[in-house]
Amino acid sequence: MSHILIVEDEPVIRGALRKLLERHDHSVTEAESVEQAQEKSLHQYDLIISDLRLPGEPGTALIEQANPTPVLIMTSYASLRSAVDAMRQGAVDYIPKPFDHEEMLLAVERVLKEGRLNRGNQALRRDMERSYPVNAMVGECQAMRELKHRIARVAPTDTPVLILGEAGTGKELTARSIHEHSERASGPLITVHCASLPKTLQLDDLFGNDEQPGRIEEAEGGTLFLDEVGELSGEAQSRLLTLLEQGEIHRQDSLATRRVDVRILASSQTDLPTLVTEGGFRRDLYYRLNVMELEVPPLRAREQDIEDLASALLARGSEKLRRQNLFFTQEALEAMRGYSWPGNVRELENVIERAVILSEEEAIGPGQLGLNPDRAPQRTTRASRASLDPSEDLSLEDYFTRFVLENQDSMTETELANKLGISRKSLWERRQRLGIPRRKGGRR
């Protein structure tokens, strides 16, 4: 449902336009003048339809103030000059009065569709700036075939999906595949990394405020992907539940509800049922999100996919770094198949990019990959902790990995960050980069 503001001083015209738009499932608010319209938050609307000639300031005065909300101008003076002037000032279009109902509806739908496409393009540009492992889901092992089959079954529906898996396995790629194979593919896919959002900013970022819409409204007509949904605050969880149950939200500091048409996908690498039991996640929200559950397999369980994945990533890395004719030796492929890949596909991507940079010849061997199973992050037992030699010459990344694995059972994420002298957000980002998952049932 779209939200439209009508600014018109003639009650009969205003009322007729309101009834027309409401019959076509739009939510409508009215104002009699620019001054009265300015008393409202202009950015909360998807479209403003304003008469050109109004008491006081003309309707074109709203164009700059409402930006980026589009303004459609109506005018009884359907001269070329008035239309051109309105368009020059930034009106999205103009309609002559008295307007034809069909013409008005076509203009409204076109403007709203363009707005949805613009939001989708903005989201796509943001995504293109970030690095994805591959541009398609590569893999034909049994676990991946099952995952693709379930994606194909659930994608055409509007069913919420909970995507589970370790860090770096491709949960976000799975969400993108669901979106691109859905009927919402022409709409935006908006991704929110919940763990990187301070809890004090979550409500503003997700639900918006008087100044601007939140990420949920940006996803109108498309898909909202909540990465690491277990990191949401209690209030954000409560309001997300309302969205799932009623299709409504309200912005910060506003009691007015807004209907929003979005599909919700969520992911987690933490054990949500344990979090529910401990009171850290709402049970009713968990069941609402977990209508369909997909689990992305870790790379160590996809040995037969390693060669295809590595080839796809090598082609991508070669193009990015402008290298040509690179290939893996058989020894390199065997080394990759024999490695445990604690950081999953993300680690594989980083290893191959580094190899492309370091390789001085076309053949990439095990030496360029730099795989060392002994340095891979492993689960540390209390007995093994006692044997660690503090005098070892560790790199910063090795020290970080070892410190986190040794202490995450006894410390919260905040305590770990404080001990390391970094923010909780930086801790989360380094975990992602180094492929160190949060321990299931670990302290928060």
For residues in the range 396-444 being of a type in the set (Ser, Thr, Tyr) and open to solvent by 50 Å² or more (accessible area, probe 1.4 Å), which is modelled with the lowest pLDDT? Tyr399
Residue that is most open to solvent (accessible area, probe 1.4 Å) [pool: residues in the range 204-228 that are part of a loop (DSSP other than H, G, I, E, B) and polar (S, T, N, Q)]: Gln212
Would the range 157-166 turn up any residue that is of a type in the set (D, E, K, R), at pLDDT 60 or above and open to solvent by less than 80 Å² (accessible area, probe 1.4 Å)? yes
Looking at Leu265, is it assigned to a strand (DSSP E or B), open to solvent by less than 60 Å² (accessible area, probe 1.4 Å), more than 30 Å from Glu360 (Cβ to Cβ) and modelled with pLDDT of 95 or more? yes
Strands (runs of 3 or more DSSP E) within the range 17-102 that include 3 or more residues under 22 Å from Ser254 (Cβ atoms), hydroxyl-bearing (Ser, Thr, Tyr) and without any contact (Cβ under 8 Å) to a residue 12 or more places away in the chain: none
Here the residues within the range 159-187 that are assigned to a loop (DSSP other than H, G, I, E, B) and either of a type in the set (A, V, I, L, M, F, W, C) or without any contact (Cβ under 8 Å) to a residue 60 or more places away in the chain (or both) are Ala167, His181, Glu183, Ala185
Considering only the range 319-330, I want to know if a residue exists there that is outside any helix (DSSP H, G or I), under 27 Å from the mean Cα position of the chain (by Cα) and among the β-branched types (Val, Ile, Thr). no
Residue pairs qualifying under the 8 Å Cβ cut-off, at least six apart or on distinct chains, with the first in the range 255-280 being free of Cβ contacts under 8 Å to residues at least 40 places away in the same chain and the second being open to solvent by 60 Å² or more (accessible area, probe 1.4 Å) and not in a loop (DSSP other than H, G, I, E, B), are Val276/Arg283
Asp93 passes all but one of the listed conditions (1) crowded, with 20+ Cβ neighbours inside 10 Å; (2) more than 19 Å from Glu211 (Cα to Cα); the exception is number (1)
Given the residues Arg316, Arg258, which is the only one that is at pLDDT below 90, within 30 Å of Tyr339 (Cβ to Cβ), touching a helix residue (DSSP H, G or I) at 6+ places or on another chain (Cβ under 9 Å) and open to solvent by 10 Å² or more (accessible area, probe 1.4 Å)? Arg316
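The values are calculated or read from the model by the stated rules, or taken from the named source; none is laboratory data. Keep in mind that what you see is a predicted model, and the values were worked out from it rather than measured. So basically every Cβ, Gly included, is an ideal-geometry build from the backbone, and we count neighbours across all protein chains shown. All accessible areas refer to the heavy atoms of the entire protein, side chains included, with ligands and DNA or RNA removed. Shrake-Rupley method; radii C 1.70, N 1.55, O 1.52, S 1.80 Å.
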